[in-house]
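**Student:** My questions will all concern the structure given below.
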Amino acid sequence: MFYAVLGIAVLVSLLSVARFFFGKRAGVPRRTSVSLLVVAGSGGHTTEILRLLGSLSQSYSPRHYVFADSDKMSEDKIRSFERKKTETSPSSLFTLSRIPRSREVRQSWSSSVLTTIRSIVYSLPLTFRLKPDMVLCNGPGTCVPICISALLLRLLGLKRVTIVYVESICRVENLSLSGKILYYFSDYFFVQWPTLKEKYPKSHYLGRIV
């Protein structure tokens, strides 16, 4: 437990230092096309994020999907979604990438620190290669290493990436662990229940988004 707490403390400290150096909040990129890195997750996370993508314009392209290597369902859902998208936009572009899962369900805190570090090691070269304009995520553990990598892109002056976090509709009274971490470091943080808006004033509440 000691090493788990220490690891989380170090992570939060590093992110805080990075946030300090970034200065003003990044805005949503204003350009004809927006390169989007989308973090998918097992269970309902992928379903929710695809519903959200379905409401976005064609200017959010290419779409780079990232999900855990142990996720057996997200790829099929994403491919099905993108096949339908090509019916209205034949030039639609997307990629698929896998990284090690940062934390399994019911995994111990102590081992989670090590698996998260491993996931970050894989996320860094991927995010640095893609250099997206925006990261869009909604709570899977995989989004934390990706967002850390995006923050480092800013810190190093390589790319100013906008991080948009949409908390899952399932979260009514409390944020997910990913949400509790990224609440302080995302550029735009959306919740879907008024009770969460009351607890987390920095968040944006627009009603049900997905």
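The values are calculated or read from the model by the stated rules, or taken from the named source; none is laboratory data. Not measured: the values here are computed from a predicted model. Note: ideal-geometry Cβ built from the backbone for every residue, glycine included; neighbour counts use all protein chains shown. Please note that ligands, DNA and RNA were not included when accessible areas were found on the heavy atoms of the full protein model with its side chains. Shrake-Rupley method; radii C 1.70, N 1.55, O 1.52, S 1.80 Å.
**Student:** Quickly run through the stretch 184-196 and pick out the residues that are surrounded by 13 or more Cβ atoms within 10 Å (Cβ to Cβ) and under 22 Å from ARG51 (Cα atoms).
**Tutor:** If the condition is that a residue be surrounded by 13 or more Cβ atoms within 10 Å (Cβ to Cβ) and under 22 Å from ARG51 (Cα atoms), then SER186, ASP187, TYR188, PHE189, PHE190, VAL191, GLN192, TRP193, LEU196 are the ones that fit.
**Student:** Sort out which residues of the stretch 82-105 are out of contact with any strand residue (DSSP E or B) (no Cβ under 9 Å at 6 or more places or on another chain) and either open to solvent by less than 70 Å² (accessible area, probe 1.4 Å) or farther than 21 Å from PRO145 by Cβ (or both), and write them in order of number.
**Tutor:** ARG83, LYS84, THR86, GLU87, THR88, SER89, PRO90, SER91
**Student:** Residue pairs, Cβ under 9 Å, 6 or more apart or interchain, first in the stretch 128-156 and free of Cβ contacts under 8 Å to residues at least 60 places away in the same chain and within 12 Å of TYR65 (Cα to Cα), second surrounded by fewer than 24 Cβ atoms within 10 Å (Cβ to Cβ) and hydroxyl-bearing (Ser, Thr, Tyr). List them.
**Tutor:** Taking only residues 6 or more apart or on different chains, not a single pair turns up.
**Student:** Out of curiosity, is LEU153 modelled with pLDDT of 90 or more, outside any helix (DSSP H, G or I) and open to solvent by less than 40 Å² (accessible area, probe 1.4 Å)?
**Tutor:** No, not satisfied.
**Student:** Going by the conditions given, is PRO125 at pLDDT 95 or above and farther than 19 Å from SER61 by Cα?
**Tutor:** yes
**Student:** Output the residues belonging to the stretch 80-119 that are of a type in the set (A, V, I, L, M, F, W, C) and either at pLDDT 90 or above or in a helix (DSSP H, G or I) (or both).
**Tutor:** Scanning the stretch 80-119 gives PHE81, LEU93, PHE94, LEU96, ILE99, TRP109, VAL113, LEU114, ILE117.
**Student:** Additional query: Show the residue pairs meeting these rules: Cβ distance below 6 Å; 6+ apart or different chains; first residue within the stretch 164-180 and over 21 Å from ILE146 (Cβ atoms); second residue open to solvent by 80 Å² or more (accessible area, probe 1.4 Å) and part of a loop (DSSP other than H, G, I, E, B).
**Tutor:** VAL172/TRP193
**Student:** Check off (1) surrounded by fewer than 23 Cβ atoms within 10 Å (Cβ to Cβ); (2) touching a helix residue (DSSP H, G or I) at 6+ places or on another chain (Cβ under 9 Å) for PRO145 and give me the number that stays unchecked.
**Tutor:** Of the numbered conditions (1) surrounded by fewer than 23 Cβ atoms within 10 Å (Cβ to Cβ); (2) touching a helix residue (DSSP H, G or I) at 6+ places or on another chain (Cβ under 9 Å), the odd one out for PRO145 is (1).
**Student:** Go through the stretch 156-177 and give me each residue that's open to solvent by less than 70 Å² (accessible area, probe 1.4 Å) and either among the charged types (D, E, K, R) or in contact with a Pro (Cβ under 7 Å, 6 or more places away or on another chain) (or both).
**Tutor:** Listed by number, the residues that qualify are LYS159, VAL161, THR162, GLU167.
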